[in-house]
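These notes concern the structure reproduced below.
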Amino acid sequence: MQYISTRSGNKGVSGAAAIISGLAPDGGLFMPESLPHWAPEEILALCHADYPGRAAWAIGGFLQDYSQGELADYCQKAYGPDRFTAPGTAPVVKISDSAYILELFHGPTCAFKDFALQLLPYLLTAALAKQGVAKTVIILVATSGDTGKAALEGFADVAGTKICVFYPEGGTSAMQRLQMTTQKGGNVRVAAVKGNFDDAQNGVKAIFTDQPYGQRLAERGYLLSSANSINWGRLAPQVAYYLSAYCDLLNQGRIRPGERINICVPTGNFGNILAAYFAKSCGLPVHRLICASNKNRVLTDFITTGVYDRNRDFYLTSSPSMDILISSNLERLLYLLAERDAGKIRGFMGQLRETGRYDLDSAMLAKLQAEFAAGSADEAETFATIRRLFQDSGYLCDTHTAVAVKVYQDYLAASGDTTPTVIAATASPFKFCGSVLPALGQQPEGDDFSQLNQLAALSGLLPPSRLLALKDQAERFTQAIGADAMAAEVDQLL
Ligand SMILES: *Cc1c(COP(=O)(O)O)cnc(C)c1O
């Protein structure tokens, strides 16, 4: 299977090549030229497989230049019990008559991004060997909080790689910042950027498209790559957990073979929900995809009106990993909605760059709305949802997940659609004690670590040991830089 750019539709490259380069040379995103087809009996057969087995099968459909043996080995390592602490890796928990939580936060950094970033180092180092590339890869990451730590954790001390992470100063939770600034490893660097996530992301994109800079790096034996969700190696692993959730619902007797489910995802860069759309496109029985935004509701407005408009106020919220106004992965969905018309995508992206907005034609809007429902939750609604869900069902969720729960509840009330719905829980509530405690009516006490214990006492849950362990680790990276100094920061790593 070949990968082609959303902006040129050019002759394809292999999956391995797409993973190495991250972004296509013309600035577009790589897309598989066709999608795997999952037959109903194949989905049924996977009910008997464990999580690594399901993942290797699903990912193998997209990455055909990797053997099933290779992928099975990588998935066993990436998703083993030493890295994911919950039985089943991505457990599904019932919270109401029609709603199920897909817990994606039992990995090393307590957020869903571990699913992609525990596996990506294996995919990338194998890709280098397959392509005969003898260079050291420099992974550049712009993070709204969780990607950075997950990528650092995945790539720390991986031979042949270096990694540099940029996060918006003041734009993450205290625990997210500490997770990054304490990162160990001889090949890592972390810096706060004065600005918001979009500034950090644009800075990384500017480094990628600076050809003289890339040339200088190449001469010194380096190659730039990205661990952001624009990299196809991030998306393919995420398709797997929606398939796995479907198998778990079958195994639990909650649905019958072939019965459709909804999937509701708290969304920022549009990566996670796009993976759900790919799962549906491959043949997973999915009815609606429900896109949940926080107060930065650019996607809600887009899906309800067909107008994408980033010219609006940017809010820092209690769900910082969704504080985004340019959702990069949307480009991939547009490409499919436009029936792979790369010229159309160049047009939209040009308008977005020049005017900050674009408009779908009515045919594309109709297709978008046939697949996606959307809604948003403001801060008060997010907090009230955490409290009410905990009181009513005993389930404690984090701020991002709460946005999705609220949007799902609104969707259910408005549509009357009682299709069983899987809600992606993207982070552990213990990552966001400073918000979750007040949501439960408690004043946070003491430092970040006392708050972990405070939330544990209140909820009866154990705090993740990886968060507790940060207490004894020294902060290594405390500098804040301007967005114009990001390339210089990368040089420091070399
Ligand atoms: C990254 C992240 C999101 C948003 O995911 P996208 O793939 O960018 O849409 C939501 N919740 C949490 C906790 C995250 O870390």
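The values are calculated or read from the model by the stated rules, or taken from the named source; none is laboratory data. The model shown is predicted, which means the values in this text are computed figures rather than measured ones. A quick note on method: Cβ atoms are made from the backbone with ideal geometry, for glycine too, and the neighbour counts reach across all protein chains shown. Protein only, heavy atoms only, side chains kept; ligands, DNA and RNA dropped before computing areas. Shrake-Rupley method; radii C 1.70, N 1.55, O 1.52, S 1.80 Å.
I want the local charge near Gly258. Using Cβ-Cβ distances under 13 Å, sum +1 for each Lys or Arg and -1 for each Asp or Glu among the other residues. Intermediate values should be presented prior to the final figure.
Values: positive: Arg256, Arg260; negative: Glu41, Glu42, Glu259.
Surrounding charge for Gly258 is -1.
Over segment 199-322, the hull volume per residue, using the convex hull of the C-alpha atoms, is 159 Å³. Once you reduce segment 327-401 and segment 288-313 to the center of their Cα atoms, the two points are 5 Å from each other.
Ignoring ligands, DNA and RNA, please state the percent of accessible area on segment 120-187 from carbon and sulfur, probe 1.4 Å.
On the way: 870 of 1830 Å².
Answer for segment 120-187 is 47 percent, counting heavy atoms of protein chains only.
Its Cα gyration tensor gives segment 300-371 an equivalent ellipsoid. The semi-axes, each the square root of 5 times an eigenvalue, are 22, 14, 11 Å from largest down.
For segment 403-420, the residues whose amide N sits under 15 Å from a probe point set 7 Å from the Cα of Arg260 along the beta carbon direction are 415-420.
In this structure Arg476 has an accessible area near 110 Å², from a 1.4 Å probe over the protein heavy atoms.
Taking 10 °C and 1.306 mPa s as the conditions, I'd like the Stokes-Einstein D for the chain in µm²/s, using the Kirkwood hydrodynamic radius from alpha carbon pairs. Mind showing how you got there, number by number?
Details: Rh = 22.5 Å.
Stokes-Einstein gives a translational diffusion coefficient of 70 µm²/s.
Got the relative contact order for segment 193-322 handy, in percent, Cα pairs under 8 Å and 6 or more residues apart? Worked out over segment 193-322, it gives 18 percent.
Positive end of the dipole of the chain (Cβ unit charges, origin at the Cα centre): among Ala338, Ser327, Gln473, the Cα lying farthest that way belongs to Ala338.
Look at where the Cα atoms of segment 67-117 and of segment 440-469 average out, and the two centres are 23 Å apart.
Estimated from the Cβ-Cβ distance and a Förster radius of 30 angstrom, the FRET efficiency linking Asp341 and Asn311 is about 0.70.
Give the relative contact order (percent, whole number) for segment 412-494; include only Cα pairs under 8 Å separated by 6+ residues.
On the way: 30 pairs, mean separation 15.0, N = 83.
Reported relative contact order: 18 percent.
Packing here is the average count of other Cβ atoms within 10 Å per residue, and on that basis the peptides 142-154, 34-46, highest first, run 142-154, 34-46.
Could you grab the relative contact order for the chain? Cα pairs under 8 Å, six or more apart, rounded to a whole percent. Could you put the intermediate results ahead of the total?
Working: 954 pairs, mean separation 92.7, N = 494.
It rounds to 19 percent for the chain.
Counting only protein heavy atoms and a 1.4 Å probe, the chain has 35 square angstrom of accessible area per residue.
Taking the Cα centre of the chain as origin, sum charge times position over the Cβ atoms of Lys and Arg (+1) and Asp and Glu (-1), and report the length of that vector in debye to the nearest 20.
Values: 42 positive and 48 negative charges, 104 e Å.
Computed charge dipole of the chain: roughly 500 debye.
If you take all other residues with their beta carbon under 11 Å from the beta carbon of Ala17, and give Lys and Arg +1 and Asp and Glu -1, the sum is 0. Helix hunt in the chain: which complete DSSP H runs extend at least 27 Å axially by C-alpha with mean Kyte-Doolittle at least 1.0? Within the chain not a single helix satisfies the rule.
Would you mind getting me the FRET efficiency between Gln351 and Asn10? Use the beta-carbon distance for r and R0 = 25 Å, nearest 0.05.
Working: r = 22 Å, r/R0 = 0.87.
Here the calculated transfer efficiency is 0.70.
Taking the Kirkwood radius as Rh and the Cα radius of gyration as Rg, segment 404-494 has a ratio of Rg/Rh equal to 1.15. Counting only protein heavy atoms and a probe of 1.4 Å, the accessible surface of segment 211-336 is 45% carbon and sulfur. Between Ala370 and Gln76, the simple spin-label model (points 7 angstrom out along Cα→Cβ) gives 4.4 nm. Partners of Lys367 within straight-line reach, counting lysines whose Cα lies under 24 Å from its Cα and excluding those fewer than 8 residues away in the same chain: Lys280, Lys344.
Here the ratio of the Cα radius of gyration of segment 363-407 to 2.2 N^0.38 Å is 1.48. Each label was represented as a point 7 Å from its Cα along the Cα-to-Cβ direction; for Ala86 and Ser465 these points are 1.8 nm apart. Calculated FRET efficiency, Ala380 and Gln68, Cβ-Cβ r, R0 51 Å, to nearest 0.05? Plugging the Cβ-Cβ distance into 1/(1 + (r/R0)^6) gives 0.55. Quick one: go through segment 3-37 and flag any residue whose amide nitrogen is under 13 Å from the point 7 Å out along the Cα-to-Cβ line of Gln211. Residues passing the 13 Å test: 25-27.
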